[in-house]
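Right, one structure below, let's go through it.
What follows draws every value from the coordinates through simple rules; no lab data is involved. Keep in mind that what you see is a predicted model, and the values were worked out from it rather than measured. Quick reminder, even Gly has a Cβ in these numbers, built from the backbone with ideal geometry, and neighbours come from all protein chains shown.
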Amino acid sequence: MKAVHFGAGNIGRGFIGALLADAKFDTVFVDVNQELIQELNEKNSYTVELAGTGEAETVTGVSGLHSQADEEKVVQAIVEADLITTAVGPHVLAMIAPLLAKGLLKKQGTANVIACENVIGGSHILKKHVWEALTEEEQHQVNQKIGFPNAAVDRIVPDQTNDDLLTVKVEPYYEWVVETKDIHGTRPDISGITYVDDLEPYIERKLFTVNTGHAATAYLGYQYGYKQVKEAISDDAIKEKVKGALSETGAVLIEKYGFERDQHHQYIEKIISRFENPDLLDEVTRVGRAPMRKLSKEDRLVKPASEFTALFNETPSHLVEVIAAALQYDVTSDQEAVQLQELVEKEGPVEAFREVAELEKDHLLVKAVQEQLQ
Ligand SMILES: NC(=O)c1ccc[n+]([C@@H]2O[C@H](COP(=O)([O-])OP(=O)(O)OC[C@H]3O[C@@H](n4cnc5c(N)ncnc54)[C@H](O)[C@@H]3O)[C@@H](O)[C@H]2O)c1
Ligand SMILES: O=P(O)(O)OC[C@@H](O)[C@@H](O)[C@H](O)[C@H](O)CO
């Protein structure tokens, strides 16, 4: 079996690539990092270390292509692939779509495209971008043979600090959930995938617990002067605030999906313990990256906060505190943080928040953020 995976970064190598290799796929990684591509083609394998266990796995059957310089080869790899996956970041999906469209158009048999990004409906978002690159007739052709099932992926993979460029250290835990309804042909035979009929409860539980908790730890941790996630979460004051934020998202999730309260609170505790892993060096600047995306209306802070407000007719004080901290996140090496701070400077933090979150001026959440910032 053959796979093409866009994005040979942390989650690409540390999670998707490893599970594909376990399922006996040969994987072509498509990236823009020439150094990574060269290493993949020289070694055709790399190591995945499981943090805190002393265990490691060798991933074999891998190679690399550059998404611009090797365009024709990427198209050919897509033509031959049984499965196409991505882990490039939500904003990069639009950039890879034209090339993906070219390859999909030339394919003969059925295949599936699974976007493994931290966003609700990632594969559908990618499909929309692919459709923009095709005529109506071409869309029809591609639709006959290609599925775009949505997915949720969970494994903490920090930025890497190893001497070896390809080696990647990951947490042992992982979860890859794929929605069945949009799969074309047979389900990819990958034992690490959990197939579900309806992804919504899974992606929302993951995004609004793991990623809300992570974002809260990162933005509050940055405010308190911590560099690492594990340092921030071991500060009791931060941990209490993170737990508070997750109780608020938990109240929304329990109300919407009927999760059992005690079980959900055990899930929260388990997630927080993952942030505490002493063997993972995960910087608050990786976890807090792209604050405008994280403050957007469908993402991990604003969506659960506005749903909480609508459901319970009061504002979630802990989420509001995290949103206020995100508005003050001024890391100069982060392009979105710079852009956000420019907007804050120009419009003031409350108006900047309203614009980024696309909320009405009189939304209770906007008022609560204003009060928090006073
Ligand atoms: N790291 C994690 O813990 C984790 C866990 C779950 C989900 N995710 C999600 O996975 C996605 C990737 O995250 P990451 O942490 O691996 O980031 P990363 O920056 O380590 O990897 C992204 C990779 O995409 C490549 N890329 C950028 N533009 C490209 C293009 N035009 N064509 C091909 N490749 C391109 C980059 O060079 C990089 O190697 C994000 O959506 C993230 O939210 C990450
Ligand atoms: O990748 P982002 O920027 O959406 O979020 C940062 C982290 O919260 C994220 O990468 C987690 O490590 C991951 O989602 C764990 O499954």
Exercise. What does the charge dipole of the chain about its Cα centre add up to, to the nearest 20 debye, if the Cβ of each Lys and Arg holds +1 and the Cβ of each Asp and Glu holds -1?
Worked result: 480
Problem set entry | MRE, 222 nm, helices only [DSSP H, n ≥ 4, -39500 (n - 2.57), over the chain, to nearest 500] | -14500 deg cm²/dmol
Problem set entry | Choice from PHE308, PHE25, PHE259 with maximal GNM fluctuation in the chain (Cα, 10 Å cutoff) | PHE259
For this session: Pairs of Cα atoms under 8 Å, at least six residues apart: use those to get the relative contact order of region 1-144, whole percent.
Result: 23
Exercise. What's the local net charge at VAL302, with K and R +1, D and E -1, over the other residues with C-beta under 10 Å away?
Worked result: 0
Exercise. What pairs from LYS239/LYS346; LYS230/LYS270; LYS2/LYS206; LYS294/LYS346 go past 23 Å between their alpha carbons?
Worked result: LYS239/LYS346; LYS2/LYS206
Problem set entry | Shape call, region 201-373: gyration tensor on alpha carbons, a/c limit 1.5 | oblate
Exercise. Over all Cα pairs of the chain, how is the pair count split among 10 Å bins, expressed in % and running from 0 up to the last occupied bin?
Worked result: 5, 23, 31, 26, 13, 2, 0
For this session: For an R0 of 45 angstrom, estimate the FRET efficiency from the Cβ-Cβ distance between GLU136 and GLU175 and round to the nearest 0.05.
Result: 0.75
Problem set entry | log₁₀ of I(q)/I(0) at q = 0.26 Å⁻¹ - region 289-374, Debye sum with one point per alpha carbon | -1.39
Problem set entry | Among PRO278, HIS265, VAL142 the positive-end extreme of the charge dipole of the chain (Cβ point charges) | VAL142
Exercise. Looking only at ALA326, ALA69, ALA232, which one moves most when the chain is put into a Gaussian network model with springs between Cα atoms under 10 Å?
Worked result: ALA69
For this session: Round to a whole angstrom and tell me the spacing of the C-alpha centers of region 276-329 and region 1-56.
Result: 30
Exercise. What is the spread of the Cα atoms of region 205-263 along each of their three principal axes, largest first, in whole Å?
Worked result: 38, 18, 15
Exercise. What net charge is computed for the residues neighbouring LYS361, neighbours being all others with C-beta under 14 Å from the C-beta of LYS361, Lys and Arg scored +1, Asp and Glu -1?
Worked result: -4
Exercise. Given the Cα atoms of region 2-198, and with Rh set as the inverse mean 1/r over their pairs in the Kirkwood sense, what is Rg to Rh to two decimals?
Worked result: 0.95
For this session: Report the full-extension gain for the segment SER234 to LYS145: residue separation times 0.36 nm, less the Cα-Cα distance, to one decimal in nm.
Result: 27.1 nm
For this session: With a ≥ b ≥ c taken as the square roots of the eigenvalues of the C-alpha gyration tensor of region 55-140, please select rounded if a/c is under 1.5 and otherwise prolate if a/b is larger than b/c or oblate if it is not?
Result: oblate
Exercise. What share of the DSSP beta bridges in region 2-198 is antiparallel, in percent to the nearest 5?
Worked result: 25
For this session: Return the loop-located trypsin sites (Lys or Arg not before Pro) in region 1-67 (DSSP other than H, G, I, E, B) with at most 16 other Cβ atoms within 10 Å of their own Cβ; answer none if there are none.
Result: LYS24
For this session: For each pair in LYS127/LYS243; LYS43/LYS107; LYS24/LYS128; LYS107/LYS128, compute the distance between the two Cα atoms and list the pairs where it is over 24 Å.
Result: LYS127/LYS243; LYS43/LYS107; LYS24/LYS128
Seminar exercise, completed: Phi-derived 3J(HN,Hα) across region 3-9 with the Karplus relation (6.51, -1.76, 1.60, θ = phi - 60°), rounded Hz, x for Gly and Pro, is 10, 10, 10, 7, x, 8, x
Problem set entry | Distant-in-sequence amide H partners of GLU171 (H built 1.01 Å from N, under 5 Å) | ALA51, ILE156
For this session: Could you work out how far apart the two model spin labels at SER317 and TYR195 are, taking each label as a point 7 Å from the Cα in the direction of the beta carbon, and quote it in nm?
Result: 4.8
For this session: Under 12 Å from the Cβ of ALA251, count the other residues' Cβ atoms, weight Lys and Arg +1, Asp and Glu -1, and hand me the total.
Result: -2
